[in-house]
Structures are given as structure tokens and as C-alpha cells.
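The block underneath contains the structure these notes are about, expressed in C-alpha cells.
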Amino acid sequence: MYTLYYSPGTASMVVHLALLEIGAPYQLKLVDFDKNGQYDAEYLKLNPGAKVPTLLVDGRAVYESGALLIILAERHPEARLIPPAETPERDAWLQWVVFLSNALMSTYRLWFYPQELGYEELPANIRAAVQRKIESVWDRLDAHLAAHGPYMLGAEFSGVDLMLTMLMRWSRNMPRPVTEWPALKRLADLARARPSWKKLYELEGLTEW
């Protein structure tokens, strides 16, 4: 039994999707951001970074969504969220998980949390620079998928596609949402058609793409 501390539509989404894909028993614990639940003293004992997700694995608190995706995929190889060890596909999978964490997730924080840079709202020039950086990642990923898709590893779906689709969802209200990139939109449509995606929306009460 896993326990996932989550907030709907946040970085916990990929971990919840992985749990649904795996089919392992788990329970959800809501961290209510509207009530600053991430700063609750008991939660900070689990995750001193005051972020989600946190996953209890054999009673141990583990965090960072990319790491949790790797952990779950490796613990449940039968779900085929990760390629077999010591294969080129496994190396590529790990590369993309780290790339998405570094190139997109960290940049998104600048977009969504300008207060971390000392601003109430980002100045126009900085906001434009952050937007360009995110869009440059979409350019790279779209080119990769156009040449090698429809999934990040080619013909086979894997957990990295769940992570990418979560990150694509976050762009929906940006000036240029990711659905304007055709190969990325194709991947998003494939991921959103999966039972795990539909079930997550039901459980987390999500409606917007």
C-alpha cells in the first residue's frame, strides 16, 4: 500500500497516473494548497520542501516527482512504464525524465511562482524570456516526436509520456499552449485517451485539459 500526498493537477499528477497504470493499492492524502496545507508542521516532517508530491514507500517518505516515477516504474516492471535495464531504451528514458525535470519543471516555477524571484508579477521582459525558454523546449520535443514518435521512445508508450503530458497540460493557459505543436498534441491526445488519465480526472475532480 502506497500513500500519495497530492494536490489536484500539480506535480503529483504523474505519480498518481503511474499508480493507476501500475494497479497497485494506494491511498490519497490531500494537501490543501488553499489552506497552506503544504506548510503544515506534520507535512513538513515528510517533505521539508513544502511541495507535492510526497509518497510513502514502505512507510518511508520520498519526494520529487521524477524520482518517484523512476521508483514506481522500477518496483513494478510488469506495468512496462520503464524499459528493461541495460538497454538503450532505458538510457533514453532516464535521460528524458531528467531533462523534463530540469528544463521544464524548474522553468515553470518561474512562470507560476514569480514571488520566488521577489516579484508579485514578473516584469514583461522576464516573463517573455521564461515563455521563450519553455517554448524552446516544446520546439525540441516536437521535432523529436515528429522524427521518432508518436511516443518519446518511439512506438511504445512509457511513463515518460505521462510526465510530459502532465507538463504539457500546464501550458494550457499560456499565450501559446502546447497544443499548437502538432507532434506534441498527438502525444497528448494519446495519453489523454488512456484509462489512467480519465480515472485521475474523476478522482482528482479535474475538468480543464
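For region 87-145, what log10 I(q)/I(0) values come out of the Debye formula at q = 0.12, 0.18, 0.28 1/Å, with one point per alpha carbon and no solvent?
Taking Cα atoms of region 87-145 as identical point scatterers yields -0.37, -0.68, -1.13.
Where the centroid of each part is defined by its Cα atoms, how far is region 24-59 from region 140-202 in Å?
Taking the Cα centre of region 140-202 as reference, the centre of region 24-59 is 27 Å away.
Subtract the Cα-Cα distance of A146 and E78 from 0.36 nm times their separation in residues, and report this length gain in nm to one decimal.
Details: separation 68, 0.36 × 68 = 24.48 nm, distance 2.85 nm.
Gain in length upon complete extension: 21.6 nm.
Averaging over every viewing direction, what projected area does the convex hull of the Cα atoms of the chain cover, in nm²? If you can, show how the numbers build up before the last one.
Details: hull surface 47.1 nm².
Result: a mean projected hull area of 11.8 nm².
Averaged per residue, what accessible area in Å² does region 35-138 show with a 1.4 Å probe, protein chains only?
With all protein chains present, region 35-138 gives 57 Å² per residue.
Give the calculated FRET efficiency between T87 and S136 to the nearest 0.05, with a Förster radius of 35 Å applied to their Cβ-Cβ distance.
Using R0 = 35 Å, I get an efficiency of 0.75.
With the full set of protein chains in place, find how many percent of the accessible area of region 86-209 is carbon and sulfur; take the probe as 1.4 Å.
It is 52 percent, rounded to a whole number.
Within the chain, count lysine pairs with alpha carbon atoms under 22 angstrom apart where the residues are 8 or more positions apart or belong to different chains.
Within the chain, the lysine pair count is 9.
For an R0 of 25 angstrom, estimate the FRET efficiency from the Cβ-Cβ distance between Y119 and E202 and round to the nearest 0.05.
FRET efficiency, Y119 to E202: 0.10.
Counting only protein heavy atoms and using a 1.4 Å probe, what share of the accessible area of region 7-81 belongs to carbon plus sulfur, as a whole percent?
Carbon plus sulfur share of accessible area: 49 percent.
The values are calculated or read from the model by the stated rules, or taken from the named source; none is laboratory data. Here the structure is a predicted model, which means the values were calculated and not measured. For neighbour counting, all protein chains shown are included, and Cβ atoms are generated from backbone atoms with ideal geometry for every residue, glycine included. Remember, those area values only see protein heavy atoms, side chains included, never the ligands or the DNA or RNA. Shrake-Rupley method; radii C 1.70, N 1.55, O 1.52, S 1.80 Å.
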